[in-house]
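Written out below as structure tokens is the structure these notes cover.
What follows is calculated from the coordinates using simple rules that are stated; it is not laboratory data. The model shown is predicted, which means the values in this text are computed figures rather than measured ones. Reconstructed Cβ throughout: ideal geometry from the backbone, glycine too, with neighbour counts over all protein chains shown.
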Amino acid sequence: MIGINISTRNRYHVLKYSLERFAKYKPEDSMIVVIDDDSVDWKRNKQLVKDYGFIYLKNEVRKGIPFSKERGFRCLKHCEVMFFFDDDTFPKVKGWEKPFIKGMKIKPHLAYLKKWCHIKPLGTARDGIVQYSGAAGCMMAFTKEMYPMILGLGTGSMYGGWHHHLSLKLVGGYYSIENAQEYIYSFDIDHPPQDFDFAFNSSVSPEERKNKK
């Protein structure tokens, strides 16, 4: 089974936009869990998730992005492969998961990466895998074997660069599949879509960013 976790907070319209695409491109034999980090309007989020037939879980108090993702790991640890998405990141095409699953036979942990800001490819692709100079946590993929090494992900940070440290711990670098942008889209990396008609704000407050770990 394929496990898909989506973490969200206070971005109903962003979540709705992404869930429409997940519903359209959901892989066969997969389970989608949405972890809500104590959104103000959480009841509307819950109804939205249920309308799509996905699983909704809510943190009782604000816990932060790493905690939400680790909670997703615990829910999906029985799955052979696990994909972890921010609420502003979603698949673009049917079968998006297949090149990542193939790539994880070489690197058991991959992310959605492309040339962006300070992140650059380090050389050319080898066996369909590209190493990058940095990481982004908007979409991360793991094999089931990675689960024991991921425990503790959600401690000591609300935001920060936890995904950088995790990638270094698991595979010693930052890796993605070749041409990952053909399969995945991220508001942060690729800019808000042109047909998204609402304000796009971070789920992390300015105060949290000032104090991020």
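Below 8 Å between Cα atoms, with a sequence gap of 6+, how large is the relative contact order for segment 24-144 in percent?
26
Between H191 and V40, what is the FRET efficiency for a Förster distance of 22 Å, r being their Cβ-Cβ separation, to the nearest 0.05?
0.30
Express the relative contact order of the chain as a whole percentage, based on alpha carbon pairs under 8 Å and six or more residues apart in sequence.
Working: 408 pairs, mean separation 50.9, N = 213.
In percent, rounded to a whole number, it is 24.
So for D197, D37, fewest C-beta neighbours within 10 Å to most, what's the order?
On the way: D197 9, D37 22.
Fewest to most other Cβ atoms nearby, the residues stand as D197, D37.
Find the Cα radius of gyration of the chain, compare it with 2.2 N^0.38 Å by division, and give the number to two decimals.
It is 0.95.
Quick check: the distance between the Cα centres of segment 1-53 and segment 106-182, to the nearest angstrom?
First find each Cα centre; the distance between them is then 22 Å.
With the chain treated as a Gaussian network of Cα nodes joined by springs under 10 Å, which of M149, M139, M104 yields the largest mean-square fluctuation?
M149
Just the number, please: percent antiparallel of the DSSP beta bridges in the chain, rounded to the nearest 5.
50
Based on DSSP H runs of at least 4 residues, each adding -39500 (n - 2.57), what is the mean residue ellipticity at 222 nm of the chain after dividing by all its residues, to the nearest 500 deg cm²/dmol?
Details: 8 runs with 66 residues, N = 213.
-8500 deg cm²/dmol, from helical runs alone.
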